[in-house]
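Notes for the one structure printed next.
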Amino acid sequence: YYYRLLSGQESLSTFERDRAWHVPEELNLQTMQEACKVLVGHHDFSSFRAAGCQAKSPIRTLDELHVTESVSVPYFPSFVEREQCNISVQDSPNNNGEELTESCQQFGIRRGHRCLVVKARSRSFLYHQVRLLVGVLKCVGTGQITVADVKCILNARSVTAASPMAPACGLYLGHVKYDFN
């Protein structure tokens, strides 16, 4: 699975809304990566399953969990940004657009958000496991909890131990591997 988080104060464009989790706070990528290391491996993930999970066992092996920064695409400028550029073009001396403001020259370049992608790989997942993992990683990234707290959450083996679940909007199924043997 892949999960997209967009970090930044600016609201999301229409094209990115409902395609990523908008986190207005700054996220600390390094501490999120440290928390991932705690969660990778063979564990009892009772703290990372939804109350309605019907799996017989909460024990899973999380083969891969990491966070990387990625280019945020597609980017479509906000209405305010487009209007500022239109005003700059209209105000240029000869109205041919040659003397554009710096903001207009940078039109369309993503400045307001950092795109972080969480990748999780396992043979199988518990119900809402990935979204609960991302919720905890987001809390680590914003400084609400520490990496040591993540260990405590994992060891608590309680459905209520994990922080609120990440919304579904940023979750993508990346690859399914079938073993036909």
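The values are calculated or read from the model by the stated rules, or taken from the named source; none is laboratory data. Everything quoted here is computed from the prediction, not taken from an experiment. No Cβ is skipped: glycine too gets one built from the backbone with ideal geometry, and neighbour counts run over all protein chains shown.
Structure notes:
- As a summary of the residue check, Val80 satisfies the conditions (1) in a loop (DSSP other than H, G, I, E, B); (2) of a type outside the set (Ser, Thr, Tyr); (3) at pLDDT below 95 except for the one numbered (1).
- If the condition is being of a type outside the set (A, V, I, L, M, F, W, C), part of a strand (DSSP E or B) and either without any contact (Cβ under 8 Å) to a residue 60 or more places away in the chain or surrounded by fewer than 19 Cβ atoms within 10 Å (Cβ to Cβ) (or both), then segment 23-60 contributes Gly41, His42, His43, Asp44.
- Total residues in segment 129-149 satisfying the condition of being over 24 Å from Gly8 (Cα atoms) and in contact (Cβ under 8 Å) with a residue 12 or more places away in the chain: the figure is 1.
- Residue count for segment 127-181, restricted to those that are among the hydroxyl-bearing types (Ser, Thr, Tyr), modelled with pLDDT under 95 and closer than 19 Å to Arg49 by Cα: 3.
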